[in-house]
Structure formats: structure tokens, C-alpha cells
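Everything on this sheet refers to the single structure shown next.
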Amino acid sequence: MRSLRSRLLIGASIVLAAFLGLTGLSLDRAFRDSALAAVQDRLRAQVYMLLGAANPDAFNRLTLPQALPEARFSTPDSGLYADLMDSQGALVWHSPSSLGLALPFFPAVRNPGDTQFAPLDASDGTPLFVLAFTVSWEITRNQYQLYTFRVAEARQDFDDQVWSFRRGLWGWLLASTGVLLAAQGLILRWSLQPLRQVAAEVKEIETGRRDELSGGYPEELQPLTMNLNALLRQGRTHLERYRNALGDLAHSLKTPLAVARGALENDADPGELRRTLSEQMERMNHTVDYQLQRAAAAGRIALSAPLPVAPVARKILDSLAKVYANRAPHLRAEIAATTVFYGDEGDLLEILGNLADNACKWCHRQVVVRAHPADHDGRMELVVEVEDDGPGIPADQAPLLLNRGQRADPTVAGQGIGLAVVRDLVEEVYYGRLEIGQGALGGARVRARLRFQAGNS
């Protein structure tokens with residue numbers, strides 16, 4: 001079953017049917033018990049009436065008059081019957097209505113006040129409700145005789161009453177089930193409309209008529225639509241970055257290629273030609289490296305798992321310790337084990353690696369890498385800091401170092417693109433900002449703020 005609507009409808013229908021079925025059974029049982037109690041109360045009232053009408057005859061035997069307050073006792077086959085038995089089980093009296101009909105016996109009743117009630121069948125098979133009540137009657141002074149009054153009522157009226165109730169009850173329950181199922185189907189259709197809207201908008205995105213999903217969805221779907229939009233924006237960002245990198249690469253290679261072509265066409269001195277070609281080849285190599293680095297930045301991945309920062313920082317510092325082994329700088333990371341990064345590991349390596357490498361180039365003895373989460377204007381971000389104890393960076397030079405090819409000291413080896421790559425990653429991919437200042441160690445401090453979600457800087 002592939003339809004979510006069908007699954008919900010069938011599941012809800014089963015629950016509804018079970019609920020209504022149990023409700024019907026409970027009401028049926030309650031009504032039957034109530035009707036049965038009413039029959040018992042009626043028969044007990046008839047026994048009390050007979051007790052009130054009973055009198056002893058000339059032989060001190062208990063008897064009842066021919067005319068009773070209840071007319072049905074005097075009408076044959078009226079459905080209401082009564083008789084009176086003595087302590088030996090002998091029939092003392094019976095109502096005219098029970099003429100030719102023998103009421104069923106209960107087990108012997110010997111104690112005054114004992115009552116028995118049960119559905120039994122008469123001698124001719126007629127189903128009855130029978131109630132027996134035993135009394136101790138004072139015949140003479142200090143002499144008592146046990147008598148048992150029996151009153152019976154035909155079960156036909158009771159069965160008709162119960163059947164009529166059941167017919168009405170289950171008829172209404174079935175009708176209610178049909179109405180509720182129809183309403184349930186409409187409610188499910190209305191409830192699933194946002195999902196159909198998502199599917200329709202995704203189709204429009206596939207055909208190029210829409211860039212992302214609209215925002216007017218129920219709160220249960222908001223995380224889904226927000227993550228889908230994040231994935232779409234991420235894809236567009238990556239595509240735009242690739243296009244920009246290719247355009248920049250093509251534009252950047254024009255000049256060195258033109259210089260090389262000019263040197264070849266001018267029949268320059270072989271030594272000069274070799275020097276010119278070497279310079280332009282190196283220039284093109286640097287350009288290609290930079291653009292590849294920029295284009296390969298994976299960026300923040302929607303729905304990505306949190307990445308612990310401390311192991312990545314430790315890996316970078318261990319590598320730099322080998323690269324700068326001749327200087328033997330003291331490299332340390334001050335990062336809690338719970339600090340995490342939401343993005344691509346390659347981007348984190350690029351950011352930390354470039355910042356730590358620059359710090360190692362300029363430090364005297366110490367380089368410190370820090371990272372911690374922070375709440376900035378209601379948005380979570382990861383703050384990464386790298387500082388050293390070197391000469392520092394003058395405030396007027398800090399903005400220039402973020403441009404491609406700029407270096408603080410031309411005599412220091414490097415391509416001058418590390419901070420530019422970091423800036424592109426921080427600002428364009430992680431919607432953050434890069435700050436350059438003075439650290440506690442006396443040298444430069446570069447701080448990168450990486451936001452976990454898009455927003456204004």
C-alpha cells in the first residue's frame with residue numbers, strides 16, 4: 001500500500017470501527033442488564049402485592065382471593081402467572097392465568113426471605129422469567145408455616161424490547177459509522193493538502209517554474225520545507241561558485257597566456273624567454289590552485305551530522321609541527337570535546353589549515369587555536385580563533401590581506417591566497433565574517449564566525 005492517505009484512512013477506520021463496536025456492545029449489555037433488573041423489580045412488586053392479598057382460610061391454610069388487583073392474573077394465557085406452594089412443595093394456590101401451565105421449580109427454598117430469580121421454561125416450553133420468594137407465615141400463636149410465592153412473566157416482551165433496542169442501536173451506529181468515515185475522508189484530504197502542495201511545488205522546481213518551496217506550510221512541515229530549501233540554495237550556491245570560479249580562471253589565464261605568446265612571437269633571447277615562460281607558468285599555476293580551492297569548497301551541508309572540531313584541529317597542528325620542525329613552535333588547541341561544526345570537513349580543514357599555517361609563518365614561539373559555539377542575535381554560530389605571538393598585523397593592512405595575492409611580507413614564502421580562500425568560505429558559504437585583530441599573545445588574531453544557518457551578517 002503506497003498511498004499515505006489510504007494507510008491513514010484504513011488505520012483510522014479500523015480504530016473507529018473498533019470503538020463503535022465496543023461502544024455498541026457496552027450499550028447493548030447495559031440496556032439488557034437494565035431491562036432484566038426492571039423485570040425482576042416488577043415481579044418482586046407482584047409478590048408483595050400477593051403477600052398483601054393473602055389470608056388464612058378456615059383450616060389455617062394460606063390462600064388468595066379470586067379477584068386480584070392485577071387483572072392479568074385472572075386472564076388465561078396473559079403472560080403473567082403466579083402460584084403458592086407450602087413447605088412440602090404442594091401447590092396451595094395458582095392464578096387463573098396459569099391454568100393448564102405448570103411453573104418450573106427452583107431448588108428447594110427453605111429460609112424465610114430467600115429470593116430466587118432466573119429465566120426458566122414452563123412445562124409447555126414457554127420461556128419465562130420466574131421469581132420465587134419464601135415467607136414464614138404465622139398460622140396460630142407461635143406456630144409458623146413456610147410458603148413460597150412464585151411469579152412468572154413471559155420472556156417474549158423482554159426479548160422484543162431488547163431486539164428493538166438492538167435494531168435501533170446498531171442501525172444508528174452503522175449510519176454514524178458511514179457519516180464519520182465520510183467526514184474522516186474529507187478531514188484526511190484536507191490534512192494532507194500541504195503534502196500535495198509540496199509535491200506540486202517540487203514538480204514546478206523540476207520544470208524550472210519555481211526556485212524554492214513557499215513558506216506557508218503547517219509547523220509540522222516547516223522543518224522539512226526549510227531543509228529542502230536549504231538544499232536547493234546550497235545547490236544553486238555550488239553551481240554559482242563553479243561558474244564564477246571557471247569565469248575567474250578563464251579571465252585570470254588570459255594575461256599570462258598573452259605574455260607568453262608575445263614572448264614567443266617576439267623571438268626573445270632564450271634566457272629571457274625561459275625566464276618569462278617560467279614566471280607566467282608559475283603565475284598560472286598559482287591561479288589554477290586558487291580557483292580550484294575556491295571551487296572545491298563544499299560549504300555548509302543541509303542535514304549534515306555534527307563534526308567534532310577538536311580532532312580536526314589536532315590533525316592540522318600535528319601536520320604543521322612537522323612542516324615547521326626547524327622552528328619548533330609550540331602549537332596547542334583549546335577546544336572542548338563537545339564543540340561541533342555543521343558542514344563539510346574539507347571546509348573546516350581549509351579554514352583552520354590556512355589560518356594556522358599563516359600563524360606558524362609569523363609566530364615567534366606560540367600558536368593557539370580556539371573554537372567554541374556562540375549565540376549571535378538569536379542564531380547559533382561557531383567561533384574559530386587562531387592567534388600567535390608574532391609581530392601582529394597593523395590595522396590599516398588587515399583589509400588588504402583579505403584580497404587575493406596580498407602578503408604582509410613578500411620575502412615570506414606563500415601565494416597570498418590563503419586568507420582570501422578563508423574569507424570566501426566564511427562569508428559566502430557559511431554566512432559569517434572574518435575579523436583580524438590583536439590577540440592576547442601580542443601577535444595577530446584571526447577570528448572566523450561560521451553561522452549554522454543563513455542570515456544577515
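The values are calculated or read from the model by the stated rules, or taken from the named source; none is laboratory data. Quick caveat, the model's predicted, so the values are computed rather than measured. For neighbour counting, all protein chains shown are included, and Cβ atoms are generated from backbone atoms with ideal geometry for every residue, glycine included.
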Scan region 312-339 and report the pairs whose first residue is closer than 17 Å to ALA371 by Cα and whose second residue is polar (S, T, N, Q) and at pLDDT 90 or above, with Cβ atoms within less than 9 Å and a gap of 6+ or a chain change. LEU331/GLN366; ARG332/GLN366
Among (1) surrounded by 11 or more Cβ atoms within 10 Å (Cβ to Cβ); (2) in contact with a strand residue (DSSP E or B) (Cβ under 6 Å, 6 or more places away or on another chain), ASP57 falls short only on (1)
Could we say that MET85 is surrounded by 14 or more Cβ atoms within 10 Å (Cβ to Cβ) and either among the charged types (D, E, K, R) or assigned to a helix (DSSP H, G or I) (or both) here? no
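Only one of ARG141, ARG166, ARG155 is within 17 Å of ALA82 (Cβ to Cβ), assigned by TED's automatic domain parsing to the domain that holds GLY79 and among the basic types (Lys, Arg). Can you tell me which?
Values: ARG141 fails: within 17 Å of ALA82 (Cβ to Cβ); ARG166 fails: within 17 Å of ALA82 (Cβ to Cβ).
So the residue among ARG141, ARG166, ARG155 that is within 17 Å of ALA82 (Cβ to Cβ), assigned by TED's automatic domain parsing to the domain that holds GLY79 and among the basic types (Lys, Arg) is ARG155.
Pick out the one residue from TYR81, TYR48 that is over 18 Å from PHE158 (Cβ atoms) and assigned by TED's automatic domain parsing to the domain that holds ALA154.
Numbers: TYR81 fails: over 18 Å from PHE158 (Cβ atoms).
Result of the check over TYR81, TYR48: TYR48.
Here are some residues: SER78, SER97. Which one is surrounded by 11 or more Cβ atoms within 10 Å (Cβ to Cβ) and assigned to a helix (DSSP H, G or I)? Even if it seems obvious, please write down each step before you answer.
Numbers: SER78 fails: assigned to a helix (DSSP H, G or I).
On inspection, the qualifying residue turns out to be SER97.
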Regarding THR207, is this residue surrounded by fewer than 14 Cβ atoms within 10 Å (Cβ to Cβ), not assigned by TED's automatic domain parsing to the domain that holds PHE117 and not small (Gly, Ala, Ser)? yes
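Scan ALA35, ALA12, ALA17 and give me the residue that is surrounded by 13 or more Cβ atoms within 10 Å (Cβ to Cβ) and farther than 25 Å from ARG167 by Cβ. I'd like the intermediate steps shown before the answer.
Values: ALA35 fails: farther than 25 Å from ARG167 by Cβ; ALA17 fails: farther than 25 Å from ARG167 by Cβ.
After applying the criteria, what remains is ALA12.
Residues that are among the small types (Gly, Ala, Ser), more than 17 Å from VAL429 (Cβ to Cβ) and assigned by TED's automatic domain parsing to the domain that holds ASP424: list the strands (runs of 3 or more DSSP E) wholly contained in region 313-397 that include at least 1 such residues.
On the way: elements: 330-335, 366-376, 379-388.
Result: 330-335, 366-376.
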Assuming ARG167 fulfils every condition listed in (1) modelled with pLDDT of 90 or more; (2) part of a strand (DSSP E or B) apart from one, which condition is it? (2)
